[in-house]
Every structure is written in C-alpha cells, then in structure tokens.
1. Counting just the residues of the stretch 284-343 that are without any contact (Cβ under 8 Å) to a residue 60 or more places away in the chain and farther than 26 Å from residue 231 by Cα, which one comes out farthest from the ligand (Cβ to nearest atom)?
2. May I ask you to list the residues in the stretch 163-175 that are closer than 19 Å to residue 218 by Cα and touching a helix residue (DSSP H, G or I) at 6+ places or on another chain (Cβ under 8 Å)?
3. Among the residues that make up the stretch 407-415, is at least one of them under 22 Å from residue 68 (Cα atoms), within 16 Å of the ligand (Cβ to nearest atom) and either modelled with pLDDT of 95 or more or assigned to a loop (DSSP other than H, G, I, E, B) (or both)?
4. Give the stretch 257-288 a look and list any residue that's more than 19 Å from residue 166 (Cβ to Cβ), more than 13 Å from the chain's Cα centre (by Cα) and crowded, with 24+ Cβ neighbours inside 10 Å, or say none.
5. Need a quick list: strands (runs of 3 or more DSSP E) entirely within the stretch 137-208 having at least 3 residues that are in contact (Cβ under 8 Å) with a residue 40 or more places away in the chain and in the same structural domain as residue 242 (by TED's automatic domain parsing).
6. Of the numbered conditions (1) free of Cβ contacts under 8 Å to residues at least 60 places away in the same chain; (2) assigned by TED's automatic domain parsing to the domain that holds residue 259, residue 385 satisfies every one except a single condition; which is it?
7. Residues to consider are 43, 51; find the one that is without any contact (Cβ under 8 Å) to a residue 40 or more places away in the chain, within 25 Å of residue 436 (Cβ to Cβ) and assigned to a helix (DSSP H, G or I).
8. Could you tell me how many of the residues in the stretch 226-247 are in contact with a strand residue (DSSP E or B) (Cβ under 6 Å, 6 or more places away or on another chain) and not in a loop (DSSP other than H, G, I, E, B)?
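The values are calculated or read from the model by the stated rules, or taken from the named source; none is laboratory data. These numbers were taken from a predicted model, which means no experiment stands behind them. Cβ atoms come from the backbone with ideal geometry, glycine included; neighbour counts cover every protein chain shown.
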Ligand SMILES: Cc1ncc(COP(=O)(O)O)c(C=O)c1O
C-alpha cells in the first residue's frame, strides 16, 4: 500500500464529504479543480487534458451539476447541452421521474442476488417486446452499447451456424474486441488486429456493394451470419441512408439467409423523431441493439433483442451468455422510467418537430455562410453540421463553448459537429443556440479575413431566430 490505511481513509472522507455538499466554498472549488487536473494527469490519462483543451479555453473546466437541458461547471457557469452525452440524454439531465424511480429502487434493493428471479428484468423485457417493431420478443440486458453488440454478434452465429459478418464503412458499434471488428475506422482498429475474424465492410448506403459482397461470399462458401448496420450512422458523421436502402438491405438478408442486426444504440429511444429509427423505413431487424438513452441518462443500460425463433438456442443454457450487472434492478428501474417519460412526454414527436425547425434554420445558416458551413443534415434531433475542414469545425465548436453551448465532433469524422440535445429542449434554448451559432459563424468568417456584410452585422440574430 502506497499510503497508510488511515491516510487513504482520510482521503475518502474528504471526497465523501464533498459529494454530500450542496454548496462548495471557493477553497473547495479550487481544490477540486486542481486535483481533477493532477489526477487526470497522473492516474487517468494525461491525453485527456490536451483533448479537453481543444474545446475549452480553460482545460481545467470541471463539470459539476446538471438538470433538464443544461449543466454547470464548478464555478456555476451554465451551458446549454447540445451534445446530450453523445445520445445518452434524450430525456434530459436528471429527469425527476427517472431519478425518483431509481431512488425508490435504491432504497429497497440495489443489486440483485444473481440467483433468484429479479422482477424488474422481466417487466422491462416485456415492455421492450411491446414497444419494439415486429416480432422482437426476448431481451438480454447489458450495461453498455458495446456489450449489446457483442451479444448480437454471438447470437447471429449461434442461430445461423455461420461465420461471416458484413458491416459498413464509417459505422461505429463500440470498441471491445468483437464490436471493434464491425467499427470501421483504421485509427481505432489497427493496433488491435487481428480482431474477431470474418468481418467485411462495404460503403454505407451502397446497395450494389453490399449485394456484390453477399454474392461473392456466397459463391466461395463463406456464408454470412449477419449484416450489422446503424440505421443512420452517428459517429461516422450523421450519415443518412438513401431512400429505400434499408428496405433493400432487409430483402437481401432474406435472400441470402443471413440476419439483419440494427444498432439503434444512438438512434433509438426517440432520437430521430420515431421511437426507433428503423420505423422511418418500416424495417424490422432480426436483432436489435439498444443502449445510451435506454438508461434514461441516469443508469448505464443496454440490450440486444430478437424474436423467439432466433432466441431458441439461448434457451437450453441460459448462461451461454451472461453479465453480472446487466439488467440490475437500478438499471431496470431507470430504463422503465425512461420508457415511461419517452412515451408520456411524446419525446419522439418533439424530436421530429424541434429537429425539423432546427434543421431548417441551420440550412439557412449554411446558405448564409457557405464557405464555413458546408452542409447540414439529419433526422429528428440527430443533426450533423459539416465544415470544409477540421480546423473550422474546431473553431466553431470552441466559439460555441466559449459562449455557453456544448457541442462536439463525431468520433470518426472531425469535420462534422453533432447536435444531439435532450429531446424536450425548449424553444427559447433552441433559439438561443441558433443566435450564438450565428455570432460564432460571423466571428469565424471574420477571423478568416472575410468581413461580414454590414447588413449581416445589423441583423439581430435574436429576432432572426425567433420562431
Ligand atoms: C451506434 C453505436 N453503437 C455502439 C456504441 C457503443 O456504445 P458504448 O459506448 O455504450 O459501449 C455507440 C457509442 O457511441 C454507438 O453510437
């Protein structure tokens, strides 16, 4: 032990005391900021400090509290959250109904014994069967998205007895050894090759390439277990499929006898304006992967699901796949409350209408600043703003952050900034974001030596973006 037990206990006492506090002294704020930086440097990963600095002027920015569509740093500075925890905060920060459900569950039982039947797991799985498309019925509950994908990959091999997978270039499915096989980015994969064998990648949205791959593998006897896709690519830069693509993919999977796995970890739970993005195209997957906002922004939770026929081989040995924490009572309470909030507050409909308004305004900005904002695209509140290069994207993200709006790039495409706020974002916040974005784009344009026209300067952004 590097410190005495008494010293470690004293350190834990200090932190536990701070966690309990509702108000911090200035001295405590400084202590937290300083220790966060030094601990990240010495015990987490110093790389994060440089990375964080890229969005913030002050790389000691420490997030501390949150509610609804906003969060605050340790000094009380408030930010409008347009990132939504990469899609984990569809219901907003600390939605009171989800917090209440988890607190009540916590007061009775936190983690299950692992031996008896835990009722919330069954109740949540039943709810999932009711709210997901088609004949999806059985659920395996996980604690993360990547675990959901791992399970889906295993289940597709188990059911089909086949080996190969096809995924899409620029797809993102997680970073554990199995899901990383599907994730299509050299930077993340190269150091870890060989991954799980038999992954093949085709360009997303290109039906001909997919058909050619399925045909070729069939010809050479390398049968395909599953095609794994996001309905809309998130980390790849918010890439929408061409019309009819997913329906045709479904038909190809049927033709070649392989399963269609849809990864709705980011697109699910109302994000794109429907409860599940696949509903936009009426496509029913054989296996569905869920995560992120499934835990209501309070608990980690995920799942993979399939119909009764595909699930059959999981039944004789239910421990063929297992997880100690997956489907624990706290996660289930959060997920059940998340479903309740999503449906009772019409969050998919809100995402559709707010997203359409937002997208329209962003498209106007793209016309106004064509040299800076190359393209905007999206569905519901899954929106991407594409810039001509990474540097401009970075300047815009930083300008927004300095003005109190959090956004971030997508993981595989730094030129694209995502807009993924909580789905019930009030119009005032939305208008404020548009106003701040306008200011930021003007600043970036001027910084690049292209003065804005006087009329643009005079236009009051505030009035302009009012609905
Ligand atoms: C579509 C998709 N699949 C899988 C994952 C991995 O989820 P997790 O980070 O919870 O493992 C992500 C995370 O960004 C994702 O967006």
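1. In this case the residue turns out to be 316.
2. Result: 163, 164, 165, 166, 167.
3. yes
4. Those that are more than 19 Å from residue 166 (Cβ to Cβ), more than 13 Å from the chain's Cα centre (by Cα) and crowded, with 24+ Cβ neighbours inside 10 Å: 273, 276, 277.
5. Ranges flagged: 138-142, 164-169.
6. Failing condition for residue 385: (2).
7. Residue meeting the stated conditions: 51.
8. Of the residues in that region, 6 qualify.
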